[in-house]
Structure formats: structure tokens, C-alpha cells
1. Over chain A, with a Gaussian network built from C-alpha contacts below 10 Å, which listed residue (A:THR37, A:THR85, A:THR58) shows the highest mean-square fluctuation?
2. Say a paramagnetic label sat at a point 7 Å from the Cα of A:LYS196, along Cα to Cβ; which residues of the stretch A:46-81 have their backbone N under 12 Å from it?
3. Hey, with R₀ at 30 Å, roughly what FRET efficiency would A:TYR271 and A:LEU4 work out to, going by the Cβ-Cβ distance, to 0.05?
4. Can you give the net charge of the other residues whose Cβ lies under 13 Å from the Cβ of A:ILE206, counting K and R as +1 and D and E as -1?
5. How big is D, in µm² s⁻¹, for the stretch A:1-71 by Stokes-Einstein at 37 °C and 0.692 mPa s if Rh is the Kirkwood radius over C-alpha pairs?
6. Return the single residue from A:GLY90, A:GLY27, A:GLY169 with maximal mean-square fluctuation; model: Gaussian network over chain A, springs between Cα atoms under 10 Å.
7. For q = 0.14, 0.25, 0.28 Å⁻¹, what log10 I(q)/I(0) does the stretch A:118-172 give under the Debye formula with an equal point scatterer on each alpha carbon and no solvent?
8. If the viscosity is 0.692 mPa s and the temperature 37 °C, what translational diffusion coefficient in µm²/s does Stokes-Einstein give for the stretch A:139-278 when Rh comes from Kirkwood over Cα pairs?
Amino acid sequence: MTILLFTLVLFGGALIAGLLGSLTGLGGGVVIIPLLTIVLKVDIHYAIGASLMSVIATSSGAASAYVKEGITNLRLGMFLELATTLGAVGGAWLATFLPTSVIAVIFGAILFGSAFMSLFHIPDHIETRPQSRLSRKLKLNGSYPSGEGTTSYAVRNVIGGFFMMNLAGIISGLLGIGSGALKVIAMDSIMHVPFKASSATSNFMIGVTAAASVGIYLRRGYIDPGLSMPIVLGVLIGAFLGSKMLFTAKTGSLKKLFALVVFALALEMIYNGLHHKI
Amino acid sequence: MTTTNQKSDDSRMGKIIGNLLRFGVLIASVIVLTGGTFYLFRHGKEYPHYRKFAAGSQATSIISNSFADALHGKGRSIILLGLLVLVATPIMRIAASVIGYLLEKDYLYLLLTLAVLAIVISGFWS
């Protein structure tokens, strides 16, 4: 395969990954890495580097809309970025000496969990009475515009959420993904932030988190321009199309189908990792 | 009164940050696409070699070299420049919020955002 053909294949794959990732809420990075490593036999280091760049592009693009609409909790995001960036620097450092087979197994496990979580929607339980002194002190309690005016919510369990975000940052730096699923666990389940606000805030944080590990990746040569170019552009365009279709498309059955594909990819990654094929 | 002030300050910061992110991604994409066109024109008929990882070969001077090479129309360097603009976008966003919190005299968040900025930049230095 020549570089021209290879680039076109990558662009097409990335476009579909970005589209499906945005329609299902799983994100593009989650399928880009298995696509590159399993299908196209690209070394996992290059795959992680290209995926990380695509994650910055899509999260920044999506975040800009949410931030303008006032759905993003800016202070909550900025506060938790302290946890995710610290984790991301550590994760990128780990990636430089962990064997690729171990990285593949961890990736498979995270992929499995993310697909599983995408099938279940945790119902919102909005707290209106501010109970946490820390969240009041940090001005984390927020509000966002919703159908019936403004929904206000209080943030709980700040320290628990902070540590979960730290883990999300480590995973993001290690695997080159946004680790949106872990961020949702931290904000929805632990801190009781409503789904809409937590996914907008998670998007907001992903770019900065990823940027924290880029420096280390660049110096190690993980980020190959020729490979990253079609991936970044493809995922970005796919995610943009997905966000335009989101309100018209029926995503229920698509979500299940996509989750099945991701489950299969997860198992393949784990299998390849255990047999040292990656 | 203070809460309404904080709200309007936050929503103004939201607008500025939103525009910054959008334009950053847009400019980066255009640069990457330009570099990609050059790259495919010159190397499109060659064969890729991504199966084996060449550990840190072009490591240390990659950023400074890319500026010089990009001026000579080297596709890969132009793409890298675009990718650097892409990475700079969220970093600029933190820098903008540092200024925002300074103007708001919110010293707790000024400190927090400065710390995040330091962590992110440290990744490029160490």
C-alpha cells in the first residue's frame, strides 16, 4: 500500500470512528487505536500519539459550543484539571517504559468498561442543597440552561471526585484517549453533577489533559505527522457531522451495535496483548 | 449582587474561551491540511513504515527544526506545526483564564489555573 492509499484509508476510518464516537458518546479515540493496531498493523506507540492529537481536536471543537451555551461548569473544570494534568504527565511517563503488551491489555479493559457504561444511562439525582463545605469554598456549585429555565445543582464529594479524575488523567496519558467514561464516573456518580453539565465539563477538560502528555510524546517520537494528519482531520470532520446529526438520528440501536463492535475490539486487544502480538 | 457579578464575568469568560477554542482548532486544521497536501504530493507514491516503532529518533530538536523546515515547504514539518497549534489551543485557553481570574481578583482560581499551566508546560520541558 502506498502512502497515498494508506492515508485515504486512515482518513476514511477516522471519519467513521469520529462519527460513531460522537453519535454514541464513546469518543473517537476509543476505536482509532484498535483500528490502527489490529486492522492496519501500526505500532501501538504511533497509534497512541495520533489518537491523542485527534482527542485534542474533537474535545476543543465540541467544548467551544458547550462553553458558549453556558452548560460547562468552568470552575469545576479548572479545579479538576489540576488532578487530570498531574495524572496525564504520570501516565505519559509510564507509557514510555511499560511493555506494549501490558498497554494493550489495559487498553482492552478500559475499552470494555467504556462500552459497557455507554449502554447504561445513570439517572441524574440533582442535589440542590449545598452540603459540601469544600465545594462552596471552591465555588463549584453551578447551574445550566435547561428546558424549564435554569437548573441549579450542588457538587458533593469533592475529594473523591478529585482522585477519580487523577486516575482518568493517568489513563488518558498512558493510552492517548480522552477517558471520558472515567470522567463521567467521577462527576456523575461520585460528585453528583447532572449528566449534561458533566459531559460538557468533561469535554472541556480533555484537551488540557491531553496537552499535558503531548510534550513527553513528542520527544519520544510517538507523534508522527504523516500518520496523525488523516487521523486528526478525519475524526474532527466525523465528530462534527455526528454532532449535527445527533438530534435527528435515532441512536438507541446504533449504540448497542457499536458497543458490540467495541466489545469485540476490546477482547482482541486483550488477546493480542496476552499473546505478545502487540 | 456578588453572585450576579460572578455569573456575568463567568459567561463573558465562557464566550472568549469558546471563540479561542474554535479558532484554534480551525487554524490548526487548515495548517495540517496544507502540510498534508505538500506531503502527499512529494511522498504519496512511497511506502509507509509504521509497523515498527523507531524510538525517539528525531527526539530533542523536533520543535525548533520544524519551524525552519516548514518554511522550506516540507510537508511533514508543516503538519507538525499545525499539530503544535492544535496543542497550543487548550494551553492558550488556560492562559486566558489566568488573566480572567486576575481581572476578577479571584486569587484562589488564579493560583489553581497557574498551577495547571505550570504542569502542562512542564511536560514540554523536562
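Quick note: the coordinates plus some simple rules give every number you see, no bench work behind them. In this text, all values refer to a predicted model and were calculated from it rather than measured experimentally. We place every Cβ from the backbone using ideal geometry, glycine too, and count neighbours over all the protein chains shown.
1. A:THR37
2. Only A:69-72 pass the distance filter.
3. It comes out at approximately 0.40.
4. Combined, the nearby Lys, Arg, Asp and Glu give +1.
5. Working: Rh = 12.9 Å.
Roughly 254 µm²/s, to the nearest whole number.
6. Taking springs between Cα atoms under 10 Å, the residue moving most is A:GLY90.
7. -0.52, -1.05, -1.07
8. 184
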